[in-house]
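The values are calculated or read from the model by the stated rules, or taken from the named source; none is laboratory data. Quick caveat: nothing in here was measured; it's all calculated off a predicted structure. Every residue, glycine as well, gets a Cβ built from its backbone with ideal geometry; the counts of neighbours run over all protein chains shown. Side chains included, ligands, DNA and RNA excluded: accessible areas come from the protein's heavy atoms. Shrake-Rupley method; radii C 1.70, N 1.55, O 1.52, S 1.80 Å.
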Amino acid sequence: MLTRRQVLASSAAGLVCAGTSFVPRALAQVIKKPVHIIVGFPPGGGTDILARILADRLRGPYAATVLVENKPGASARIAVEYVKNAEADGSVLLFTPDFPMTIYPHSFRSLSYDPLKDFTPITPTAKSMLTYNVGPAVPESVTTLAEFVQ
């Protein structure tokens, strides 16, 4: 029997693989109106900083004006819903970690969006790793996850 973690991992892997075969590709064209990059987290975090770097690089080749808008709340779902309901003309882009598209469909009972039907993936922009940190109550002799579990 599969565990919930295995099902989620398989689903995420399947979504990534699906993205390479039958998800329509975005084609960049010069946009005449201001472009809005929507971030589902408050200003100053890692996602926001990366979005601002991207916005700087898009100014000129993609649009004369590229703005980053932060729409935090509901675990980034407010931003996702905002972009889903925006006009599909390339002027509103979602900049988000993968989990609203890969994990949320499996962890929330209902979503107002379908990642495969409502969005067109463009490209990954960064890779990151999650880390496990412990507080000062853990002895300094514990240096691995296995030691922590023991």
Conditions (1) under 30 Å from Val149 (Cβ atoms); (2) open to solvent by less than 60 Å² (accessible area, probe 1.4 Å); number of the one not met by Val134: (2)
Does Ala63 satisfy the criteria of being surrounded by 13 or more Cβ atoms within 10 Å (Cβ to Cβ), farther than 26 Å from Met129 by Cβ and at pLDDT 95 or above? no
Filter result for Ile122 (within 21 Å of Pro34 (Cβ to Cβ), modelled with pLDDT of 95 or more, surrounded by fewer than 16 Cβ atoms within 10 Å (Cβ to Cβ) and under 18 Å from the mean Cα position of the chain (by Cα)): no
Quick one: is Val83 under 30 Å from Ser110 (Cβ atoms), touching a strand residue (DSSP E or B) at 6+ places or on another chain (Cβ under 8 Å), assigned to a helix (DSSP H, G or I) and modelled with pLDDT of 95 or more? yes
Among all residue pairs at least 6 apart or on different chains, which show Cβ distances below 6 Å where the first residue, located in segment 116-145, is of a type in the set (A, V, I, L, M) and the second is surrounded by 10 or more Cβ atoms within 10 Å (Cβ to Cβ) and not in a helix (DSSP H, G or I)? Ile122/Ala26
Check Ile78, Ile49 and return the single one that is closer than 29 Å to Ser110 by Cβ and surrounded by 13 or more Cβ atoms within 10 Å (Cβ to Cβ). Ile78
For segment 81-115, give me each residue that is farther than 22 Å from Gly46 by Cα and open to solvent by less than 40 Å² (accessible area, probe 1.4 Å). Ala86, Gly90, Ser91, Tyr113, Pro115
Identify the single condition in (1) at pLDDT below 60; (2) open to solvent by less than 70 Å² (accessible area, probe 1.4 Å) that Val68 does not satisfy, given that it satisfies every other one. (1)
Pairs returned, first residue in segment 87-110 that is more than 14 Å from Thr125 (Cβ to Cβ), second residue that is open to solvent by 70 Å² or more (accessible area, probe 1.4 Å), beta-carbon separation under 7 angstrom, 6 or more apart or interchain, are Gly90/Gln29; Ser91/Lys33
Out of all the residues in segment 34-46, is one or more part of a helix (DSSP H, G or I), without any contact (Cβ under 8 Å) to a residue 40 or more places away in the chain, surrounded by fewer than 17 Cβ atoms within 10 Å (Cβ to Cβ) and not polar (S, T, N, Q)? no
